[in-house]
């Protein structure tokens, strides 16, 4: 080999990076295995995310739309719509009025006993019984300009109730316990109204 060419060749060899001491094939296989594991984790995570999104979609599709009409509950939403808007229902602190909801299976005897207890209680100023039909009639008068809403509400959505006005605001706490324990009583809810106002939005 020509001396000049030999010198150039030697310089080229010197400039080349040193070969790694490890097994090249083993290193490549290890790197490939690590890459495949990372890809597998990404695929698994992606699949889980897609499954979660799909599950949410199924729940959203399967869930029935909310009813626009009030549904019968322990404290019926329909009754709450009959309370004067200037009053707080249910009351959180002080109470001027209250509604005593009777159970669906209340008997005539239980109803009469609740009526006597309310009228005999000195903490109660006035007592007024309201049947399901009377409550529905009030609802229809109040929402006469919303015929679709009125048509969707039935008397069965309004429990029988006694509407009472208290002598003093602080008496509700001591009044509620004994009344709630009476047979035929389902729930008692306080209403707080400003002075000079009525708890009922429609009379």
With respect to residue 128, is the statement that it is outside any strand (DSSP E or B), out of contact with any helix residue (DSSP H, G or I) (no Cβ under 7 Å at 6 or more places or on another chain) and modelled with pLDDT of 90 or more true? no
Condition first: within 34 Å of the chain's Cα centre (by Cα) and farther than 24 Å from residue 156 by Cβ. Can you find one or more residues in the range 131-139 that meet it? no
Give the range 130-155 a look and list any residue that's without any contact (Cβ under 8 Å) to a residue 24 or more places away in the chain and under 20 Å from residue 87 (Cβ atoms), or say none. 134
The one condition residue 158 fails out of (1) surrounded by 14 or more Cβ atoms within 10 Å (Cβ to Cβ); (2) over 17 Å from residue 82 (Cβ atoms) is (2)
Does at least one position in the range 166-179 carry a residue that is modelled with pLDDT of 90 or more, within 22 Å of residue 86 (Cα to Cα) and assigned to a loop (DSSP other than H, G, I, E, B)? yes
Between 50, 75, which is out of contact with any helix residue (DSSP H, G or I) (no Cβ under 7 Å at 6 or more places or on another chain), modelled with pLDDT under 95 and outside any loop (DSSP other than H, G, I, E, B)? 50
Could you tell me whether the range 103-112 includes any residue that is in a helix (DSSP H, G or I), under 33 Å from the mean Cα position of the chain (by Cα), free of Cβ contacts under 8 Å to residues at least 12 places away in the same chain and closer than 28 Å to residue 140 by Cα? no
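The values are calculated or read from the model by the stated rules, or taken from the named source; none is laboratory data. For clarity, every value in this text was computed on a predicted model and none was experimentally measured. Every residue, glycine as well, gets a Cβ built from its backbone with ideal geometry; the counts of neighbours run over all protein chains shown.
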